[in-house]
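Structure, as structure tokens:
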Amino acid sequence: MTGPGGTADARTSFAVTYLTAGLAVVSRDMQLFFSYRFRWISQLLQVILSLTLFFYISRLLQTGAPGAADDYYAFAVVGIVVLQVLTATMGLMPLALRQELVAGTFERLVVSPFGALGSVASMTVFPFLSNLAIGTGAIAFAAAVFGLPLEWSTAALSLPVAALAGLNFAPFGILLASAVIAVKQAGAGTTYVITFFSLVGGFFFPVALLPGSIQWLSEVQPFTPTLDLLRHVLVGAPLREAAMLSVMKLAIFPLVLLPLSAYVLGSAMRLTRRRGTIAEY
Amino acid sequence: MLSPASTRSTTSTASAFPGAPPTLCMQGVVKRWPRQSKPVLDGVDLDARAGTVTWIGGRNGAGKTTLLRIAAGLIAADEGTTAVVGLDPERELRDYQRHVGFLSGGNGGLYARLTVASHLDFWSRLALVPRSKRRESVEASLHQFGLEELAGRRVDRMSMGQRQRLRLAMTFLHQPTLVLLDEPRNSLDDDGLAVLLEALRILTVRGGTAIWCSPSGEDLGFEPDARMLVQAGRLTPA
């Protein structure tokens, strides 16, 4: 007999089972990633090369202000690392989804009781976490080799900021995954979207340099506050606005973006189930 | 166009569990593909009863795979209804999927660089098998499908027949009520076929139901409870 307590236990048990299914997707992605022994080294090298390149580019900076080259390098390092994480979450995940379609493994996710929605959402987790780890290694490299001045007193705060960033980045990956499910392609779109955000988000230069007519774009997406906060806590860069305001933005954007992306993904699934194209590629 | 339900003959299987409602009930199912003049399925009715195995044959492209995909909840019909143990795939998809095991055609659906054990563990979690039963389910599947010695082997280092055994093991692992098999003999040797037939025997003894689709003329290696054909979009007794 199941009383009220029993029902609560059943719900908890189901929630644990459901969470376990999501973690299984993360674990699968991790196993596949590490089955290629040099993949993580290759990704780390890629970002280290970018950091090295930008170090020498920053040496060209001659504003007359003391330390301008170092300040710009610190600015760029955080931008490069965050862009790496963003590219992984937005770009690699839809690519992986397309591979699943071609290999026929997506079909199995769709007919599983866990379902396609949960599976696709879970597929954003490992690329984000693995590239966060690689980014951390890259920042350590920049500090050790190029003397990036880390703010040790506040560096630990980058963890909660990164967690908030993950919640903000995931919806973009889910939206692009929806495009893969609906139209089977997202490669070109992904490149445009990432380039657009790297332009208006302040990844490589301060958004204050943008023309006034498009500067508002830097206020209506989560990348600008993410970069501001991370630069502040990691390298002591001044904030553009109050820290609390940036944190609030990072907390509010996912409240809008996550349900929106889940709705779009659900619509893509329903549309392709109706059309019969869900397993096509 | 659909005929009125009263004038259509429902294709039904005799049950080993008399009185039990049909495990799979499809009524008036119609599916059209874009840019094709005729529907691939044009008013399919099917009642598959508990404890039975139904073979569905037909020519290449007749619509067998489409029929299975609709029954699996993978794609939706344009018209008509589908229910598994009374569950609607539109409104109750998660519960619906818990009752269904689906083996797609071909040899896809596996991760080349994951091991057999990893696949079964992964699937047991996606199938929402409770934690207390997960390990037991995986071990039972390894044993039932003769995969124990291959548990640690990566899929890309296995033969096609071994891969098919793994795909079958994943199909049966969560003890579905309805098993949908699209050309399950694919690459199986005699031992593999025997393993599959034993899995079907166990399924039907516990009241489960199976639909086996393959092209007409294939030697099944057993006598199903019912034989049907997809012809001109309709399902008729063979």
Condition check for A:Leu53: modelled with pLDDT of 90 or more and either within 14 Å of another protein chain (Cβ to nearest Cβ) or surrounded by fewer than 17 Cβ atoms within 10 Å (Cβ to Cβ) (or both): yes
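Among the candidates B:Lys38, B:Lys64, B:Lys133, single out the residue that is open to solvent by 10 Å² or more (accessible area, probe 1.4 Å), farther than 17 Å from B:Leu168 by Cα and not assigned by TED's automatic domain parsing to the domain that holds B:Ala199.
Details: B:Lys38 fails: not assigned by TED's automatic domain parsing to the domain that holds B:Ala199; B:Lys64 fails: not assigned by TED's automatic domain parsing to the domain that holds B:Ala199.
From the options B:Lys38, B:Lys64, B:Lys133, the qualifying one is B:Lys133.
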Residue in the stretch A:208-226 that is open to solvent by less than 20 Å² (accessible area, probe 1.4 Å), closer than 19 Å to A:Phe55 by Cα and outside any helix (DSSP H, G or I) present: no
Looking only at the stretch B:92-105, and only at residues there that are in a loop (DSSP other than H, G, I, E, B) and more than 7 Å from chain A (Cβ to nearest Cβ), the one that is farthest from B:Thr177 (Cα to Cα): B:Gly105
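Test B:Ser137 against the criterion of being within 9 Å of chain A (Cβ to nearest Cβ), more than 29 Å from A:Gly276 (Cα to Cα) and of a type in the set (Ser, Thr, Tyr), and give yes or no.
no
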From B:Met160, B:Met170, residue being hydrophobic (A, V, I, L, M, F, W, C), open to solvent by 50 Å² or more (accessible area, probe 1.4 Å) and outside the structural domain of B:Gly63 (by TED's automatic domain parsing): B:Met160
Any chance A:Arg231 is charged (D, E, K, R), in a helix (DSSP H, G or I) and out of contact with any Asp or Glu (no Cβ under 9 Å at 6 or more places or on another chain): yes
All positions within the stretch A:94-111 that are more than 29 Å from B:Glu92 (Cβ to Cβ), aliphatic (A, V, I, L, M) and more than 9 Å from chain B (Cβ to nearest Cβ): A:Leu95, A:Ala96
Residue among B:Gly43, B:Gly146 that alone is open to solvent by less than 10 Å² (accessible area, probe 1.4 Å) and away from chain A (no Cβ under 11 Å): B:Gly43
Output for the stretch A:23-50, where each listed residue is away from chain B (no Cβ under 14 Å) and in contact with a Pro (Cβ under 9 Å, 6 or more places away or on another chain): none
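Does B:Asp225 satisfy the criteria of being open to solvent by 40 Å² or more (accessible area, probe 1.4 Å), in contact with a strand residue (DSSP E or B) (Cβ under 8 Å, 6 or more places away or on another chain), closer than 22 Å to B:Thr54 by Cβ and of a type in the set (Asp, Glu)?
Values: open to solvent by 40 Å² or more (accessible area, probe 1.4 Å): yes; in contact with a strand residue (DSSP E or B) (Cβ under 8 Å, 6 or more places away or on another chain): yes; closer than 22 Å to B:Thr54 by Cβ: yes; of a type in the set (Asp, Glu): yes.
Taking the combined requirement at face value, the residue satisfies it.
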Matching residues, the stretch B:180-193, being away from every other protein chain (no Cβ under 12 Å) and crowded, with 21+ Cβ neighbours inside 10 Å: B:Leu181, B:Pro184
Unmet criterion (only one of (1) at the interface with chain A (Cβ under 8 Å from one of its Cβ atoms); (2) under 30 Å from B:Gly28 (Cα atoms); (3) open to solvent by 10 Å² or more (accessible area, probe 1.4 Å); (4) among the small types (Gly, Ala, Ser)) for B:Gly108: (2)
Flag if B:Thr82 is within 11 Å of chain A (Cβ to nearest Cβ), under 30 Å from A:Arg98 (Cα atoms) and open to solvent by less than 50 Å² (accessible area, probe 1.4 Å): no
Checking B:Leu181 against (1) in contact with a helix residue (DSSP H, G or I) (Cβ under 8 Å, 6 or more places away or on another chain); (2) closer than 20 Å to B:Phe17 by Cβ, the condition it does not meet: (2)
Sole residue being in contact with a helix residue (DSSP H, G or I) (Cβ under 6 Å, 6 or more places away or on another chain), modelled with pLDDT of 95 or more and of a type in the set (Val, Ile, Thr), chosen from A:Val233, A:Val145, A:Val207, A:Val180: A:Val233
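Residue-by-condition table, conditions (1) touching a strand residue (DSSP E or B) at 6+ places or on another chain (Cβ under 6 Å); (2) at pLDDT below 95; (3) assigned to a loop (DSSP other than H, G, I, E, B):
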{"position": "B:His143", "(1), (2), (3)": "no, no, no"}
{"position": "B:Gln164", "(1), (2), (3)": "no, no, no"}
{"position": "B:Ala169", "(1), (2), (3)": "no, no, no"}
{"position": "B:Pro176", "(1), (2), (3)": "yes, no, yes"}
{"position": "B:Asn186", "(1), (2), (3)": "no, yes, yes"}
{"position": "B:Leu197", "(1), (2), (3)": "no, no, no"}
{"position": "B:Leu200", "(1), (2), (3)": "yes, no, no"}
{"position": "B:Ile211", "(1), (2), (3)": "yes, no, no"}
{"position": "B:Asp219", "(1), (2), (3)": "no, yes, yes"}
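Which of the residues belonging to the stretch B:111-130 are assigned to a helix (DSSP H, G or I) and open to solvent by 40 Å² or more (accessible area, probe 1.4 Å)?
To start, the set of residues in the stretch B:111-130 that are assigned to a helix (DSSP H, G or I) comprises B:116-126.
Within the stretch B:111-130, B:Asp121, B:Arg125 qualify.
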Of the criteria (1) closer than 23 Å to B:Val116 by Cα; (2) open to solvent by 10 Å² or more (accessible area, probe 1.4 Å); (3) of a type outside the set (Val, Ile, Thr), which one B:Ala232 fails: (1)
Long-range neighbours under 8 Å by Cβ, at least six apart or interchain, first residue away from chain B (no Cβ under 11 Å) within the stretch A:5-18, second modelled with pLDDT of 80 or more: none
Condition met for B:Arg201 (of a type in the set (Lys, Arg) and open to solvent by 40 Å² or more (accessible area, probe 1.4 Å)): yes
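Listed here are the residues, each with its yes/no results for (1) surrounded by 21 or more Cβ atoms within 10 Å (Cβ to Cβ); (2) in a helix (DSSP H, G or I).
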| residue | (1), (2) |
| --- | --- |
| A:Leu86 | yes, yes |
| A:Gly118 | no, yes |
| A:Leu129 | no, yes |
| A:Pro149 | no, no |
| A:Ser153 | no, no |
Filter result for A:Thr124 (β-branched (Val, Ile, Thr), open to solvent by less than 30 Å² (accessible area, probe 1.4 Å) and more than 14 Å from chain B (Cβ to nearest Cβ)): yes
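The values are calculated or read from the model by the stated rules, or taken from the named source; none is laboratory data. Because the structure is predicted, anything quoted here is derived from the model rather than measured. In this analysis, Cβ positions are derived from the backbone assuming ideal geometry, glycine residues included, and neighbour counts consider all displayed protein chains. For accessibility, only protein heavy atoms count, side chains too; no ligands or nucleic acids. Shrake-Rupley method; radii C 1.70, N 1.55, O 1.52, S 1.80 Å.
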